[in-house]
Structure formats: structure tokens, C-alpha cells
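Handing you this structure, nothing more for now.
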Amino acid sequence: MKFFLDTANIDEIGQALDWGLCDGVTTNPTLVAREGREMEEAAKEICELVGPDRPVSAEVLAVEYDAIVKEAQERAAWAENIVVKIPLIPEGVKAMKTVSEMGIPINATLIFASTQALLAAKAGATYLSPFVGRQDDAGFDGMASVEQIAQFLRMYDDLDCEIILASARTVEHVIRGTQCGAHICTMPFDLLQKLFKHPMTDIGLDKFLADYRAMQEELGK
Ligand code: E4P
């Protein structure tokens with residue numbers, strides 16, 4: 001499973017890169033606004049920071065077909081690793097078809113049901129982003145949609161997409177994503193940090209180091 005960081009924060013991306021745990025970045029208008037930045041300059045800086053081999057999703061703000069296609073072309077020109085995020089609305093799906101035929105990679109966003117993912121897959125999206133945490137918040141089992149998408153992608157060779165498990169909130173989301181074969185999990189920085197944590201690792205490390213120190217003291221070293 002590839003790990004994407006779901007953030008527009010440069011320090012967080014830098015830290016994840018340093019750990020060797022950043023295979024790409026997803027942003028959205030909320031995340032960019034949180035940094036108080038314009039979409040274009042933020043996306044360009046992130047693309048340069050992560051390098052050309054890591055995809056960076058930048059979302060369109062338009063909601064009508066012509067404007068979505070225009071914004072998609074503009075964003076694709078910002079950097080070679082830009083993936084254009086297009087929302088799962090009828091005008092968006094129509095635009096996905098056109099934009100994918102232009103050879104521009106698409107991340108279909110705001111997917112809350114496997115049927116919506118199927119529409120995006122048929123329109124040529126490169127990535128399908130089911131929003132798991134937000135489905136859970138609304139009382140649904142978000143992971144069920146990911147499992148259903150993984151199943152239909154396995155069954156139909158002509159649907160050539162990768163699943164981005166999005167709106168991931170918990171370690172359990174990551175585990176269940178690996179179990180059903182989600183290709184990518186995009187996660188906020190705090191979730192990435194949580195993946196390291198286990199109390200027994202800390203307890204075990206303290207004991208190893210204390211035992212070795214005690215032996216050295218005994219030998220007068
Ligand atoms: C996906 O690409 C979105 O940016 C993101 O995962 C949304 O997550 P949230 O529900 O935590 O805002």
C-alpha cells in the first residue's frame with residue numbers, strides 16, 4: 001500500500017519524506033485554505049518538494065463542465081506530477097471523460113458510494129477516492145464502500161484505476177484498507193504518526209537500553 005499525505009502543510013510533508021513514508025500528496029480547498037495560501041503557489045511548492053515521481057492532487061474549484069475542463073488543463077500545466085481532483089457530480093463525471101482523454105491524470109473526489117466510484121472509473125479516472133471517515137461520521141460503514149470498489153476493480157480488467165482510501169481517521173481504517181487491497185491510503189499527518197505508536201515498543205526499548213546500561217555500569221565502563 002502506498003502512503004499519501006493528506007495535507008498542504010510543507011513541514012508535515014517534509015517530515016514524512018524524511019521518514020521515507022510519503023509516496024504522494026493529496027490536497028483539497030479546505031487544506032490549502034488552512035495554510036492561508038493560494039492553490040497554485042501551494043501546489044507548485046509541494047510538487048517541487050516531493051519531486052516528479054510522487055503525484056500531488058490539486059482540486060478544481062469549478063462545478064460546470066467547461067470551467068472544470070479549463071481548470072484541469074491549467075492545473076496540469078503547473079507541474080508534471082499534478083493529478084487533477086474532480087468532484088463526483090454529473091458535470092464532473094462528464095469532464096472526467098474529456099480530461100482523461102487529454103491524458104491528464106484524475107483523482108475522482110467526494111466519493112461516498114461504490115456506485116459513484118463506478119461512474120468515475122468508467123469516465124477514465126486514474127484514482128478513486130472514497131471518503132471513509134466522513135461516511136462513518138454519517139452512520140455508514142465507510143470501509144464497506146472501499147471493499148466493494150476493490151472487488152469490482154478486481155473483476156473488470158477494463159477499469160484501470162487505483163483506490164485512494166481517503167478521509168482516513170483511524171489505524172483500523174489503514175488495516176482494513178490493506179486487507180481489501182486499497183492501493184493507497186491518504187492520511188493526515190497525525191494518523192501517520194499514530195502508525196508508529198505501540199506502548200510495548202516504548203516499554204521494550206526502555207528495557208533493552210536499561211539492561212545494556214546496567215551491564216556497562218557493572219563492568220565500570
Ligand atoms: C481526500 O483526498 C480528502 O482530501 C480528504 O481525505 C478528506 O478528509 P477529511 O474527511 O478528513 O476532511
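Here, each number is a calculation from the coordinates, and none is a lab measurement. This one's a predicted model, so the numbers in the text were calculated from it and none came from an experiment. A quick note on method: Cβ atoms are made from the backbone with ideal geometry, for glycine too, and the neighbour counts reach across all protein chains shown.
Enumerate by residue number the chymotrypsin sites (Phe, Trp or Tyr not before Pro) in the stretch 150-221 meeting two conditions: DSSP loop (anything except H, G, I, E, B), and at most 13 other Cβ atoms within 10 Å of the site's Cβ.
Details: sites: Phe152, Tyr156, Phe189, Phe196, Phe208, Tyr212; in loops: Tyr156.
Sites meeting the loop and neighbour criteria: Tyr156.
Out of the stretch 4-47, which GluC sites (Glu not before Pro) are coil in DSSP terms and have no more than 11 other C-beta atoms within 10 Å? Could you put the intermediate results ahead of the total?
Details: sites: Glu12, Glu35, Glu38, Glu40, Glu41, Glu45; in loops: Glu35, Glu38.
In loop regions of the stretch 4-47 (DSSP not H, G, I, E or B), the sparsely surrounded GluC sites (Glu not before Pro) are Glu38.
Relative to the longest principal axis of the C-alpha atoms of the chain, give the angle of the C-alpha long axis of helix 90-101, reported between 0 and 90° and rounded to the nearest 10°.
80
Still on this structure, I have one more. Summing Lys, Arg as +1 and Asp, Glu as -1, what charge do residues with Cβ under 12 Å from the Cβ of Asp190 carry, Asp190 excluded? Each step should come with its number before you reach the end.
Details: positive: Arg169, Lys194, Lys197; negative: Asp6, Glu12.
Net charge in that neighbourhood comes out at +1.
For the chain, compute the number of Lys pairs whose alpha carbons are separated by less than 28 Å, excluding pairs fewer than 8 positions apart on the same chain.
Number of lysine pairs found: 23.
Report, to the nearest 10°, how far helix 199-218 tilts away from the longest principal axis of the Cα atoms in the chain, using its own Cα long axis and a range of 0 to 90°.
Roughly 30 degrees between the two axes.
How far is helix 65-76 tilted off the main Cα axis of the chain, in degrees rounded to 10, range 0 to 90?
Helix 65-76 sits roughly 40 degrees off the main axis of the chain.
Run the numbers on the chain and let me know its relative contact order in percent, using alpha-carbon pairs under 8 Å that are six or more apart. Provide the component values of the computation, followed by the final result.
On the way: 385 pairs, mean separation 35.8, N = 221.
RCO, the chain: 16 percent.
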